[in-house]
Amino acid sequence: MTLAVLLGLCLAATAFADKATKDEVIAKVKEASTMITSEGQDAAFKEINNKEGKFVWKDTYVFVIDLEGAVLARAFQQGGIGKNWMNWQDKSNPPKQPVKEMVDVAKDKGEGWVEYMYPKPGEETPSKKISYIYRVPGQNFFVGAGIYE
């Protein structure tokens, strides 16, 4: 019985270790923003789009969206890059328009958190996600990343 309890605790600790934290999300978003301003959009977006790159870690990834709602970069669901998501509604009850909220945060405050429902990478069922949004200084887009609950 004791072995089973210890094994369960070890598995739970491993699962917890694989979840991104709010501090990590903020650090990665700011790192991506710095890369955009120092190395240029092309180099930064290439790295952000790379599923094996430094902006994909644990259970999350960095994304970039312009202030009109178009996705500019993200490692997962790359078919959505270049498409406008401004009016997309999540599966919350009542439904939210997360991209519109993100754009509002970026325009009004420059940074902040937005809560919505979105599937984890590789999954179809939406989970609660809280994304940190940071408007890149001098640009008409923001960088974001989130944690899943």
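Counting only C-alpha contacts under 8 Å and six or more residues apart, can you give the relative contact order of region 24-84 as a whole percent?
Result for region 24-84 is 24 percent.
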Practice task
Just need the relative contact order of the chain here, percent rounded to a whole number, with Cα pairs under 8 Å and 6+ apart.
Solution key: 22 percent
Fill in the blank from the handout: Once phi for every residue in region 57-70 is put through the Karplus expression 6.51 cos²θ - 1.76 cosθ + 1.60 (θ = phi - 60°), the whole-Hz ³J(HN,Hα) values, with Gly and Pro written as x, are 8, 6, 10, 8, 6, 8, 9, 10, 9, 7, 6, 9, x, 7
Completion exercise
TM-like helix rule applied to the chain (DSSP H, alpha carbon span at least 24 Å on the long axis, mean Kyte-Doolittle at least -1.0) gives 22-39
Exercise for the section: May I ask you to derive the FRET efficiency for L67 and E149 from their Cβ-Cβ distance with R0 = 30 Å, giving the value to the nearest 0.05? Expected result: 0.65
Handout entry: Inter-part distance where region 110-149 and region 64-89 are each reduced to a Cα centre, Å
Key = 11 Å
Practice task
Compute the accessible area per residue over the chain, keeping the other protein chains in place, probe 1.4 Å, unit Å².
Solution key: 55 Å²
Exercise for the section: Compute from the Cα atoms of region 75-120 the Rg and the Dmax, the latter being the longest Cα-Cα distance, and quote both in angstrom. Expected result: 11.4, 29
Fill in the blank from the handout: Contour minus Cα-Cα span, E31 to K91, at 0.36 nm per residue, comes to 18.6 nm
Practice task
Could you pull out the trypsin sites (Lys or Arg not before Pro) across region 60-91 that fall in loop regions by DSSP (anything but H, G, I, E, B) with no more than 15 other Cβ atoms inside 10 Å?
Solution key: K83, K91
Exercise for the section: Could you work out the local net charge near R74, counting Lys and Arg as +1, Asp and Glu as -1, over the other residues with Cβ closer than 15 Å to its Cβ? Expected result: +3
Practice task
On the protein heavy atoms, probe 1.4 angstrom, tell me the percent of accessible surface of the chain carried by carbon and sulfur.
Solution key: 54 percent
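The values are calculated or read from the model by the stated rules, or taken from the named source; none is laboratory data. Being a predicted model, the structure only gives us computed values, none of them experimental. Heads up, the Cβs are rebuilt from the backbone with ideal geometry, glycines too, and the neighbour counts pull from every protein chain shown. What goes into the accessible areas is simple: the full protein's heavy atoms, side chains included, and nothing from ligands, DNA or RNA. Shrake-Rupley method; radii C 1.70, N 1.55, O 1.52, S 1.80 Å.
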